[in-house]
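Below: the structure, in structure tokens.
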Amino acid sequence: MPIGSNARYVPANIQKAEWAVADVEYFYKIQANDPLRSVYVPGAWGSGRCTGTISQGKLPVPDNLIVPDAGKYSTPNNPAAFLLPDGKTLVQLNPLTRCTAGGNVYGWRTEDVSIYGDGLRGGRGGSGLSSIGGSIRLGELTGTKPIRHALKINLWANKYLHYSSSNPGYRWPADRADGYAAEHYKGTNPKLVMGTLLAIPPNVTKASLGLQTPAGRKLFHALQNYGGYVVDDSAGDAHYLSVENGVLEEFRATYSYDFGGTSGIFYNDLMKLFRALHIVENNGPNSVGGGGTPRVRMAPPIGN
């Protein structure tokens, strides 16, 4: 859903972060002849994900699908969505891990949903939101067509997200906050929580922000026309956007610089975009994007 003409914008006061990071997500279209493999709850959040023993049923997956275990300095979220051979059922896991070819698959499995449904629920553990919705797909940062959907955003909960006895750290469309929210959500703005819709107000322009990169300008239009939802905690001084697996390599091959990091022209553009974000305070199930006339035309329906 695009941002609407009745959207009410309030400052989010998001500041420059030390890091710009991509949260990589994994999407698979399953074939009818892929072998059934057991799915288990991860044995740990850090190293040892492939040691879990609690069964969550089976899933058809190709034997060559490998997603490495977490390590001492790497604990990726690895949200994943599998489209089953019926062409409509989505199985979503987080953090997807498979340590050996042909072996068991690990990740908390959410309730299966239809790809033709409302697009809300999924494997983002901090918010309960979709693994696949809001992800920057292959070709979207390097092609000529605009990005025609909202994005997903991770912010540092310790700095930005709010929790109190009367405000449990989330709002629609999120259905939860992190289990540690009461201790670690230390933001002072009660409107900035899991599920908050952030967008760039209509009076801001690419020129006024001084954006220098083609991808930065594409993200500007997406964030102004559709916005981005807070879906997870970055757990450090970093701002994240969610991208499909392969986008980082495609981005580097096209532009000759990296998507993330701590410096550079694209990092600078990302920091300008985050600082320009405002909260759409009247976003809700009956006024998605704030309601009113959408800023841009709706994307077409999903085809077969």
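Note on Q31 and N286: the model spin-label points, each 7 Å out from Cα along the C-beta direction, lie 4.9 nm apart. Among N64, N13, N158, the largest mean-square fluctuation in a Gaussian network model of the chain (Cα springs under 10 Å) belongs to N64. Per the Kirkwood formula applied to alpha carbons, region 1-60 shows a radius of gyration over Rh ratio, Rg over Rh, of 1.21.
Annotation note: trypsin sites (Lys or Arg not before Pro) in region 139-233 located in DSSP loop regions with a Cβ neighbour count of at most 14 within 10 Å are K186.
Ratio of Rg to Rh for region 157-244: 1.03 [Cα atoms; Kirkwood radius as inverse mean 1/r over pairs].
Qualifying chymotrypsin sites (Phe, Trp or Tyr not before Pro) in region 89-173, where qualification requires a DSSP coil assignment and no more than 14 other C-beta atoms within 10 Å, comprise Y116.
Per-residue Karplus couplings for region 13-25, computed as 6.51 cos²θ - 1.76 cosθ + 1.60 with θ equal to phi - 60°, are listed in order as 6, 7, 9, 4, 9, 5, 10, 10, 9, 9, 9, 7, 10 Hz, Gly and Pro entered as x. Relative to the dominant Cα principal axis of the chain, helix 265-276 is inclined by about 70°. Note on region 266-291 and region 89-146: Cα centroid distance 22 Å, given to the nearest whole angstrom. Put simply, the convex hull of the Cα atoms in region 227-301 casts, on average, a shadow of 7.5 nm². About its Cα centre, region 26-114 has a charge dipole of approximately 140 debye under the convention of +1 per Lys or Arg Cβ and -1 per Asp or Glu Cβ, with nothing else charged.
Rounded to the nearest 0.05, what FRET efficiency do K186 and D86 have when you use their Cβ-Cβ distance and R0 = 45 Å? That gives a FRET efficiency of 0.50. For region 26-114, taking Cα atoms only, Rg and Dmax work out to 12.2, 39 Å respectively. Legend: residue pairs K88/K152; K16/K218; K88/K218; K29/K58; K29/K72, Cα-Cα distance threshold 26 Å; pairs beyond threshold, K88/K218; K29/K72. Fully extending the segment from S38 to Y255 would add 74.1 nm, taking 0.36 nm per residue of separation and subtracting the current Cα-Cα distance. Extension gain for Q212 to S114 (0.36 nm times residue separation, less C-alpha to C-alpha distance): 31.4 nm. Label separation (I66 vs I265): 3.7 nm, computed from points 7 Å beyond Cα along the C-beta direction. Scattering from the C-alpha atoms of the chain alone, worked out with Debye: what is log10 I(q)/I(0) at q = 0.10, 0.11, 0.15 1/Å? One equal scatterer on each Cα of the chain leads to -0.54, -0.66, -1.25. Restricting the GluC sites (Glu not before Pro) of region 211-299 to loop positions (DSSP other than H, G, I, E, B) with no more than 16 neighbouring Cβ atoms within 10 Å leaves E281.
Just so you know, all these numbers are worked out from the coordinates, no wet-lab data involved. Just so it is clear, the model here is predicted, and its values are computed rather than measured. Backbone-built Cβ (ideal geometry, glycine too); neighbour counts: all protein chains shown.
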